[in-house]
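**Student:** Input: one structure, supplied below.
The values are calculated or read from the model by the stated rules, or taken from the named source; none is laboratory data. Keep in mind the model is a prediction, meaning the values are calculated, not measured. Methodologically, a virtual Cβ is constructed for each residue, glycine included, from the backbone with ideal geometry; neighbour enumeration extends over all protein chains shown.
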Amino acid sequence: MTETRTVHDVKSTSQDDVLYVVSTWPLRRTIDYLAQNNIGLALVVDEQELLAGVISERDVVRALYEHGGDALDMRTAGFMSSSVFTCNGSDSVMNIAEAMASRGFRHVPVVDDGYLSG
């Protein structure tokens, strides 16, 4: 008999543990956040703390290439990727792992009842 493990079974899903930036932050503040937390990708939330997208180091480099130093004072929302694959805590770990492998990504935000939980 195979046990079906869920995302909640293997991952802390306390919202207090979720690292994120706010879409209205200037890119400069988002860059500081990425560097201070030693991360290459951050979830982006809107003013209601709902998931709006993700921003990666690659997005930052592209912003600086396209806009130069002016990008630093522009809103993070202008540079994030808004199409984000998510899961919820009751999803099967195996199903999420298969989706990650087939789609080629390393991060999957956990969204429960519309809010980030992991």
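**Student:** Restricting to segment 90-118, and then to whatever is part of a strand (DSSP E or B) and not acidic (Asp, Glu), can you tell me which residue is farthest from ASP9 (Cα to Cα)?
**Tutor:** Among them, the one singled out is TYR115.
**Student:** Might you let me know whether segment 55-78 holds any residue that is at negative phi, surrounded by fewer than 17 Cβ atoms within 10 Å (Cβ to Cβ), modelled with pLDDT under 95 and not in a helix (DSSP H, G or I)?
**Tutor:** no
**Student:** Right, next: Considering (1) part of a helix (DSSP H, G or I); (2) in contact with a helix residue (DSSP H, G or I) (Cβ under 9 Å, 6 or more places away or on another chain); (3) touching a residue at least 40 places away in the same chain (Cβ under 8 Å); (4) crowded, with 17+ Cβ neighbours inside 10 Å, say which one LEU34 fails and leave the rest.
**Tutor:** It fails just one condition, (3).
**Student:** Determine whether segment 21-28 contains at least one residue that is at pLDDT 90 or above, more than 12 Å from the chain's Cα centre (by Cα) and assigned to a strand (DSSP E or B).
**Tutor:** yes
**Student:** Of the residues VAL84, VAL110, VAL93, which single one is over 25 Å from ARG28 (Cα atoms), surrounded by 13 or more Cβ atoms within 10 Å (Cβ to Cβ) and within 14 Å of the chain's Cα centre (by Cα)?
**Tutor:** VAL110
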